[in-house]
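Trainee: Here it is, the structure, as structure tokens.
The values are calculated or read from the model by the stated rules, or taken from the named source; none is laboratory data. Source: prediction; values computed, not measured. Cβ placement follows ideal geometry from the backbone for every residue including glycine, while neighbour counts extend to all protein chains displayed. With ligands, DNA and RNA removed, areas are computed over all heavy atoms of the protein, side chains included. Shrake-Rupley method; radii C 1.70, N 1.55, O 1.52, S 1.80 Å.
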Amino acid sequence: MIPVTRQEVLGLYRKIFRIAKKWQSASGQIEETIKEKEYIKSEAKTLFRKNKNVTDPKLIKQCVEECEARIEIGLHYNIPYPRPIHLPPMGLAHKQGRTLRHQEKLRKISKPIYLKSHDEVS
């Protein structure tokens, strides 16, 4: 596993701001475009500042992968916001015990990489 360098992380940060600068909303409305540009910038600043003291190479790699996934999904769908996921409800589990813990574990594992930090920041 090749460790992620500082230059790669800074390159991602610059890439996000270049994308925000050229961003056009799907509707084409100026107000919506401005709002989405500001969201992209503020989300990037928040997440990069939150993770600036991370030193574990595995965790850094995971953050970089999440960032790249969110960029690709945002560009593909032309939506800057994380796409929601639909997980089955935990209505069948008892309020305590092994079944509930098992379902919580499955829900955590099934969450896509591009949503790992979204819940922590929101």
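Trainee: For the range 1-43, which whole percent of the accessible surface, found with a 1.4 angstrom probe, sits on carbon and sulfur atoms?
Mentor: About 58 percent, which is the carbon plus sulfur part of the accessible surface.
Trainee: With only Lys, Arg, Asp and Glu charged, each at its Cβ (+1 for the first two, -1 for the last two), find how big the charge dipole of the range 19-89 is about the Cα centre; round to the nearest 20 debye. Could you put the intermediate results ahead of the total?
Mentor: Details: 13 positive and 10 negative charges, 61 e Å.
So the magnitude is around 300 debye.
Trainee: Moving to a separate point now. What's the local net charge at T33, with K and R +1, D and E -1, over the other residues with C-beta under 15 Å away?
Mentor: Details: positive: K21, K22, K35, K37, K41; negative: E31, E32, E36, E38.
Surrounding charge for T33 is +1.
Trainee: Considering only Cα-Cα distances, which of the following residue pairs are longer than 27 Å: K41/K61; K15/K105; K35/K61; K22/K50; K22/K58? List each step's numbers first, then the result.
Mentor: Working: K41/K61 21 Å; K15/K105 34 Å; K35/K61 30 Å; K22/K50 25 Å; K22/K58 32 Å.
Too far apart for the 27 Å limit: K15/K105; K35/K61; K22/K58.
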